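Derivation of every value follows stated rules applied to the coordinates shown; laboratory data play no part. Being a predicted model, the structure only gives us computed values, none of them experimental. Neighbour counts are summed over all protein chains in view; Cβ atoms, including those assigned to glycine, are modelled from backbone coordinates with ideal geometry.
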Amino acid sequence: MVVKILGSGAGFGGVDYNTDKIDNGKGELMLVKNFGSLDGMNNLGPEDYKNYLQLISSKNDKVVNPQFHAAISCKGKEYSKEQLTEIGQQWLQEMGYGENPFLIVYHKDTDNNHVHLVSTRIDKNYKKIDSNYERIRAMKAINKIIGLDENVKVSADIKKCLAFKFKSNVQFSLLLEKKGYD
């Protein structure tokens, strides 16, 4: 399972990107949550969601790029769109975004099932959600949710790499890179 934090921005282009996928038949809106007065309304468009996110974000003018946009992807079809949506919702909670307005959109345009999550970096108290070590915390959160013990995985991966006959540190490093390590 991979989590990628995508670009933040002053506007909420992530909403447009994902609704374009929906409009082109390459995505499906799975969950919209915490949009206050918009919850339960029909026929909402991208501008409605963007305006609401912008309204919340405008309460903290110190944050220049309030958009939060991430993707959670699994290997192949390992998880269904419903499972990824549930994982995405749990992950947003772990990362501090669970009470914020957010959208989860399933993408079906690649070989790997994945969802995109769009929210604001401003919480209900108009404070910026902590982004320190965000990428590391993101992976720790996803591993916790899916029940993956990082230490066990790293040990197993190193053991597999050591089973190969290599002649240099560079070759060993390449083996580790193949397993997804930097």
Q | 18 Å Cα-Cα reach of Lys108 towards aspartates and glutamates, excluding residues that sit fewer than 8 places from it in its own chain | A | Asp16, Asp20, Asp23, Glu28, Glu78, Glu82, Glu86
Q. Three principal axis extents, largest first, for the C-alpha atoms of the chain, in Å?
A. 61, 37, 25
Q | Ellipticity estimate at 222 nm from DSSP helix runs (n ≥ 4, -39,500 (n - 2.57)) divided over the chain, nearest 500 | A | -12500 deg cm²/dmol
Q: Could you pull out every one of the lysines with an alpha carbon less than 25 Å from that of Lys144, ignoring same-chain neighbours closer than 8 positions?
A: Lys4, Lys33, Lys75, Lys77, Lys81, Lys128, Lys153, Lys159, Lys160, Lys178, Lys179
Q. Which value, in Å³ per residue, describes the convex hull spanned by the Cα atoms of the range 59-147?
A. 95
Q. If you project the alpha carbons of the range 15-122 onto the principal axes, what extent comes out on each, in Å, largest first?
A. 41, 30, 25
Q.
Please compute the modelled spin-label separation between Ile146 and Asp109, points set 7 Å along Cα→Cβ, answer in nm with one decimal.
A. 2.3
Q.
What do you get for the angle between helix 13-23 and the principal long axis of the chain? Use alpha-carbon atoms, 0 to 90 degrees, nearest ten.
A. 90
Q) In degrees between 0 and 90, to the nearest 10, how far off the longest principal axis of the chain does helix 134-146 point, with axes built from Cα atoms? A) 80
Q) Could you give the longest part of the chain that holds none of the trypsin sites (Lys or Arg not before Pro) found in DSSP loops with at most 16 neighbouring Cβ atoms within 10 Å? A) 128-164
